[in-house]
Amino acid sequence: MESTEAVGHEPAIPVGVNHVVLNVRNMDESHQFWTDVVGLRLVGEYRQRPGRPPTPRMRFYNGSGTAVVHHHDLALVENPNLPAPPAEWKMWDMPIAVNHIAITFPSREAWLNRLAYLQARGVKFDRRIDHGMTHSLYLHDPNGYGVELVYDLPREVWENDIDAALNFAELRPNEGAEALIDRTDVPRFGRPS
């Protein structure tokens, strides 16, 4: 049943980004990165339908664990004609349209566990940084897309001056045991109103 009722005169404000779709050169290689490295879960894939033109391979992932919020958070579409990624990932001046995708972990402990897991498997950390609203690890997928693994600092740390929190950044070591040290004495931004 369709409804033609207008619910208001003001345009609605979105509640957030529902999902991101990335073109990838090799589905199997990208699947391994997004599941084993990042920790997302495969929830579905397009299947070829008889009598229809062939479609590229496409897989869907979510990271909500047992508390599924969206049907999927990320989708991958295989496009073997994509150019090879640059040899090195950098935050700036990359020749791809997506700078990076941030993946949130539910807690500081879960985030630190993921970092230790990746380091034990020899995954290269491109950049480790404490922002004013998150602590972050940057790495890149096989296609050159930057991926930021984050945990959010408590809201009271950044809510009174989001701009100042966004402009705060402290580089941390990105190799060895020092890359797994996370400070808890974080600055607070702004004053309570």
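The values are calculated or read from the model by the stated rules, or taken from the named source; none is laboratory data. Source: prediction; values computed, not measured. Cβ placement follows ideal geometry from the backbone for every residue including glycine, while neighbour counts extend to all protein chains displayed.
When segment 135-175 is filtered for residues that are of a type in the set (S, T, N, Q) and farther than 27 Å from PRO86 by Cα, the ones remaining, listed by number, are ASN160, ASN167. Residue pairs whose Cβ atoms lie under 8 Å apart, sitting 6 or more positions apart in sequence or on different chains, and linking a residue in segment 136-148 that is closer than 17 Å to ASP93 by Cβ to a partner that is of a type in the set (D, E, K, R) and outside any loop (DSSP other than H, G, I, E, B), are TYR138/ARG127; TYR138/ARG128; TYR138/GLU148. Looking across segment 119-137 at every residue that is under 15 Å from the mean Cα position of the chain (by Cα) and farther than 11 Å from VAL150 by Cβ, the one that is surrounded by the most Cβ atoms within 10 Å (Cβ to Cβ) is identified as ARG128.
The condition of being outside the structural domain of SER30 (by TED's automatic domain parsing) and surrounded by 15 or more Cβ atoms within 10 Å (Cβ to Cβ) holds for ASN160.
Scanning segment 27-53 for residues that are assigned to a loop (DSSP other than H, G, I, E, B) and either free of Cβ contacts under 8 Å to residues at least 24 places away in the same chain or over 19 Å from the mean Cα position of the chain (by Cα) (or both) turns up TYR46, ARG47, GLN48, ARG49, PRO50, GLY51, ARG52, PRO53. Only one of the numbered conditions (1) over 30 Å from ARG155 (Cα atoms); (2) surrounded by 12 or more Cβ atoms within 10 Å (Cβ to Cβ); (3) hydrophobic (A, V, I, L, M, F, W, C); (4) in the same structural domain as THR134 (by TED's automatic domain parsing) is not met by LEU76, and that is (4).
When ASN81 is tested against (1) farther than 17 Å from VAL17 by Cα; (2) modelled with pLDDT under 90; (3) of a type in the set (S, T, N, Q), exactly one condition is not met: (2). Summed over segment 99-144, residues that are touching a Pro at 6+ places or on another chain (Cβ under 8 Å) and either over 17 Å from ALA169 (Cβ atoms) or not assigned by TED's automatic domain parsing to the domain that holds GLU170 (or both) total 4.
Screening PRO173, PRO154, PRO95 for residues that are closer than 26 Å to HIS31 by Cβ and not charged (D, E, K, R) leaves exactly one candidate, PRO95.
Which of the strands (runs of 3 or more DSSP E) contained wholly in segment 123-193 include at least 2 residues that are within 29 Å of ASN23 (Cβ to Cβ)? Hits in segment 123-193: 127-131, 134-140, 146-152. Quick one: would you say LEU112 is surrounded by fewer than 19 Cβ atoms within 10 Å (Cβ to Cβ), under 20 Å from the mean Cα position of the chain (by Cα) and modelled with pLDDT of 90 or more? The answer is yes for LEU112.
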